[in-house]
Every structure is written in C-alpha cells, then in structure tokens.
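Engineer: I'd like to ask you about the structure that follows.
Every number here is computed from the coordinates shown, using simple stated rules; none is lab data. Every value quoted in this text rests on a predicted model; they were computed, and no experiment measured them. FYI the Cβ positions are ideal-geometry reconstructions off the backbone, even for glycines, and counts take in every protein chain you see.
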Amino acid sequence: MNDKIKERLKDKIVSWQEKNPKRHYIEIKKEHLRDSATILFTELGLRFAIATALDNIKNMEVLYHFSDDTTGVIFSLRVATDRDGGRIPTISDIITGSKWIEREIHELFGITFTGNDNLQRLLLDPAWPEGVYPLRKDYAYGRKEELSDEDEKSLRRPNIKIDEEDGDKQCAIIPIGPYHPLQEEPEFFELKVRGEKVVALNINLGYNHRSIEKISEGKHWDQVTFLVERICGICSCSHPFAYVLAVEDLAGIEIPERAKYIRCVIAELERIHSHLLWLGLAGHFLGYNTVWMWAWKYRETVLDLCEQISGNRNHYAMMKAGGVRRDIVNSEIDDMKANLKTIVSKIDMFKGAVLDDPVIHARTKNVGVLSREDAIRYCVTGPTARASGISQDIRKIDIANSAYGLVDWNMIVLKNGDVFDKAVCRVLEMYESVRIIDQC
C-alpha cells in the first residue's frame, strides 16, 4: 500500500515520515487535500478513521487518519493552515463521515472548513462566546466562561434549524429532548417528518461535554488513564485500553505476555455486558420487556466476574502503561470458568429470544437498514459496520500489547445491515468473547 500511495499522490507529497511500520505521516499542501482524500478513500479503499487538530503555536494543523484494515497500517495526511483565520477545504462531500469532526474541530480550534455548509455548534453551549476556542494552547487550563442571564435563557432550547422546503406544508418539525424518559442522557433531536417518514434530522449532543482533552493537558500522563476510564461507565476498559496502547506505542514498551491475556479477559467481559445492555434496551424499545429483564439479570454474573478480577463492577482500574494493575489469582480460575459456562447458557436464551421469535423478526427485519455502501461513506465501525457486511474489527488489525493475535476467534460479519442483523451480530459476538476469555 505504501508504494501505491506514493505512486498515486506523487508530487502532492511534501514529506513522508514513517514513525514505525504501522504509522505513516504524509505532509501535503491544503490545496491538494481533496484530491488526496479522494485517492485514499475512494480509489484505494482506505477507511477514514477520524481527523484530529493540533495547535502548533506557529500554525494550526489537521491530521486526517486513514486505515488500511487489511494490514492495520494508519496513513495520516497532515495539512497546515494559519493560526488566525485558518481555512482548509472540506472533505465532507467526499467522505460523509467527516462532517461532524469538521464541526467539532471548527468550534474547538477555530479552523474553518470551506465548503462545509453546516459548521453550527455540535458540543459547546449555544451561548459560548464567539472566537473563544477551548482546545487552543492559549486557552488556560481551568478557565471558565461566565454566562449572563440572557445567555442562560438561550440554553433552554438549542439554536439549531432544519432547512424547510418552500411550500412544503405537509411537513412538521418535532422536537425531542433534551430530557425524555427513553433517553439515557440529555440529547436534543429535531425531526422533520412527512407523515410517519423522517425526511430530515438535526441533533445536539453536547450537553454532557466535559472537554476531557483539555483536562488531560493538566494531568500527569499516568493520571489520564483514570480520567479516560470515567468517560463512560460501560466502556471503562476500552477507553483506557486505547490510551495505554498509545502511550506504549510512543514509549516503545512491550508488556509481559501474561498482562496481554489479562487485558483481553477484562476487555471481553466488558464487551459481553455491553452487548447485553444493548440487547436489553433494544427489547425495551420494542416492547419486549422480558428480554430487558433478562439482560439486567444475566449481566450480574458478568459484573460479578469483573469484580472478582478487579475489585469493581465498573471502573475496573486494570489498565496501566506497561501492563495491568492486578493479576488474576490462579486459584480462582476454575470458579471463573464455571461462571463462563453459566454466561454461555444465558446467551443461548438470548439467541433463542432473538432468532426464533416471529414478533422480533417482524419489528426488526428490513428496519433501519444501513447498506454496506452507506456504512463505508459514514465511516461506521464496530458491530454496526460488521452487520452491514464490512469485515473490520480493530482486534484483528491492531493487536499490539494484547492477546487477540495469540488466541483463536472469529469475526462475526453479516450482510443485511438491518436492526435484526445488528442484534444477531452482538449475540454471536458474545460467544466469541467467551471463547477468547476461556483461551486466555
């Protein structure tokens, strides 16, 4: 792939830095960004993972990270712009999934993406002062913005709008949130509907934005592990796992083999209880509350195992740069294996409830279909991508300092992309998680 990219980009490349065999940084001029992104994404089939911004003091820089999921190699396009009034061409019309990250970079760093017609607020309060960018280096750590009474009033309803077609009197605008009984967190949805069909949607998800990135800048590198663990209680292994992998990559650390296995044990236990949570909530939304109650009941066995290993049902505090914070006691392994068998029997019940129930079929098959093509355009990952026929799993391609490459397991890939396949994918993945844990 290296040679293909060099051949296709040719004179667009200002410099090429190979940090290690799996990380390549390609500096280009911003006028070549759109052509370069088209080549990597459309022609060479690389997955757009994310874009990140850097305040280099002398200028601003945006890095566009593309993944070759067949090899796990990341190619990052580096584009510089002025610090004041910096402008970079949008790639949102080339890669639909880049729209939100361009909005986020715009409001947090002040970079304008020319051609993106929707750079309205995504994370910050509607009353946040214009021209104040919290992730820039000159924004002091701990600084707070004072809001006036008028500003506070403006927060009652997000300042977002959906363009209305002239003369389209058959459409209605329906606001949902930010507080609603079926929403786990404050979120605001503004739907434009024609009858029962949603024809347009706008979302505000920034109510719980805590600027973890800014807080991290004021912490010691080892303290950040605990901070990112608290981003989400359901994901309190995956976030610190990703962080310590980054630290170990920067420092060139190879962790002990036993630690690699322990990392995968706690990560896969988290995957099981996360999938059970998803399935339980899906059952609740469908009116199938038996599945909901099953999920909450059978997650207990998984959470008990997490507590047995780490001392906590959530926020396990297991990950650290260089290994793990706690060992698994050999004398408890037989008991843990017995609990795994119990978990498998409960997954069997879920499998029957999902695969064999005609009501579930009627309410989930051919509903919410995400085609493979759309999943690629929107840069979807995880079970949602795999349910749409995309063979992509970070555990298969980024196996450094983990045991995923040392044990046998299958990637679950389906093809229909509907709600049914999204549920089935998670059910079958739980069996694979048990296989991984058992081998570890």
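Engineer: Looking at the chain only, what percent of DSSP beta bridges run antiparallel? Nearest 5 please.
Structural biologist: Numbers: 38 of 46 bridges.
Beta bridges within the chain, antiparallel portion: roughly 85 percent.
Engineer: Nearest 20 debye, what's the magnitude of the dipole of the chain about its Cα centre given +1 on Lys and Arg Cβ and -1 on Asp and Glu Cβ? Could you put the intermediate results ahead of the total?
Structural biologist: On the way: 60 positive and 68 negative charges, 113 e Å.
For this selection, approximately 540 debye.
Engineer: Hey, which lysines would be in cross-link range of K22, C-alpha to C-alpha under 17 Å, not counting anything within fewer than 8 residues on its own chain?
Structural biologist: Qualifying lysines at Cα under 17 Å: K4, K6, K396.
Engineer: Send over the semi-axes of the chain's equivalent ellipsoid, whole angstrom and largest first, taken as the square roots of 5 times the C-alpha gyration tensor eigenvalues. All intermediate terms of the calculation are to be shown ahead of the outcome.
Structural biologist: On the way: eigenvalues 248, 177, 113 Å².
In descending order the semi-axes read 35, 30, 24 Å.
Engineer: For the chain, can you list the cysteines whose C-beta has no other cysteine C-beta under 4.7 Å from it?
Structural biologist: Cysteines of the chain left without a disulfide-compatible partner: C171, C237, C264, C306, C379, C425, C440.
Engineer: Using alpha-carbon positions, what is the distance between the centroids of segment 7-62 and segment 233-251, in Å?
Structural biologist: The two parts, judged by their Cα centres, are 24 Å apart.
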